[in-house]
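The structure appears below as structure tokens.
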Amino acid sequence: MLILGRSTVLEVNDLRVSYEGDVLALQGVSIHVKEREAVALIGANGAGKTTLLKAIAGLVEVKGGDIRLRGRSIARTPPDERLKLGVALAPEGRRLFGRLQVRQNLVLGAYTKRDRAHRARRLDFVYSLFPILRERAAQRAGTLSGGQQQMLAIGRALMSDPRVLMLDEPSLGIMPVMADQIIEVLQRLHREQGLTILLVEQNVPAALETCGRGYVLQTGRIVAEGSSEELRASDLVRKAYLGI
């Protein structure tokens, strides 16, 4: 789906990542995300979705190819600098500081922002999205429910005021009602705030409902791409991911 009048925010070109020896986890992956666009990454476990998000965030070493943010190569930029430039990741498994309070976890998400007033505004914004986090602000993160921890992980990523928010399986392992709330918040962020989103989500129908466009990854390669409507109608997605 072509979005006219919007510039490309994130561009990945021929990306190759290897975890062990010469075995490539990503084999020449190329994707792009336009400003204010929500894009889904679909694929089975082990397809390379998490590796791709980690590579964009700077958490795994890139063997070849390029990653560009608003036209600037960031393939060799340290992770903290990428965060400052606007690339934030809410990782699979949440990766919270369990012994710290909810509020402390959130404030850590804004460590690249020195303006206290800005941090306070972002904190209020996150609390408006997830009111339970305000109620539990003084509670240790490790004592929250799985769904509340996922909200906290997303809130922490939002504290950096990202240009691109990447999410890795936000509904994984949490109650359906909590998962629905999280998906609704992501839809609001995209619709009302114009936030650019790159979403990995096991619930493919929800991912395609949230995002206007998507890519399908298989064994480290892009095997299909298109609008959400096109992907829903494709035999590959219908059989492999929608159970039709």
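Laboratory data are not the source of any read-out in this text; all were calculated from the coordinates shown. What you see is a predicted model, and the numbers here were worked out from it, not measured in a lab. We place every Cβ from the backbone using ideal geometry, glycine too, and count neighbours over all the protein chains shown.
As an exercise, identify the GluC sites (Glu not before Pro) in the range 1-95 lying in DSSP coil whose Cβ has no more than 14 other Cβ atoms within 10 Å.
61
In this model, which of 34/113; 34/84; 54/84; 34/239 are farther than 21 Å apart at the alpha-carbon?
Checking Cα-Cα distances, 34/113; 34/239 exceed 21 Å.
Lys and Arg at +1, Asp and Glu at -1: add these up for the other residues within a Cβ distance under 12 Å of residue 120 and post the number. Can you show the working numbers first?
Numbers: positive: 103, 113, 116, 119, 121, 122; negative: 115, 124.
That works out to +4.
Fully extended, how many nm does the chain gain between residue 81 and residue 124 (0.36 nm per residue separation, minus their Cα-Cα distance)? Don't skip to the answer; put the middle values down first.
Working: separation 43, 0.36 × 43 = 15.48 nm, distance 2.46 nm.
Result for the pair: 13.0 nm of gain on full extension.
Find the relative contact order for the range 57-196 and round it to a whole percent, using C-alpha pairs within less than 8 Å whose residues are 6+ positions apart.
Relative contact order comes out at 30 percent.
How high is the relative contact order of the chain, in percent, counting Cα pairs under 8 Å that sit 6 or more residues apart?
Values: 472 pairs, mean separation 64.3, N = 244.
In percent, rounded to a whole number, it is 26.
Quick one: if you stick a label point 7 Å off each Cα along the C-beta vector at residue 72 and residue 240, how many nm between them?
3.6 nm
Enter the Cα centre distance for the pair the range 118-150 and the range 171-244, rounded to the nearest angstrom.
25 Å
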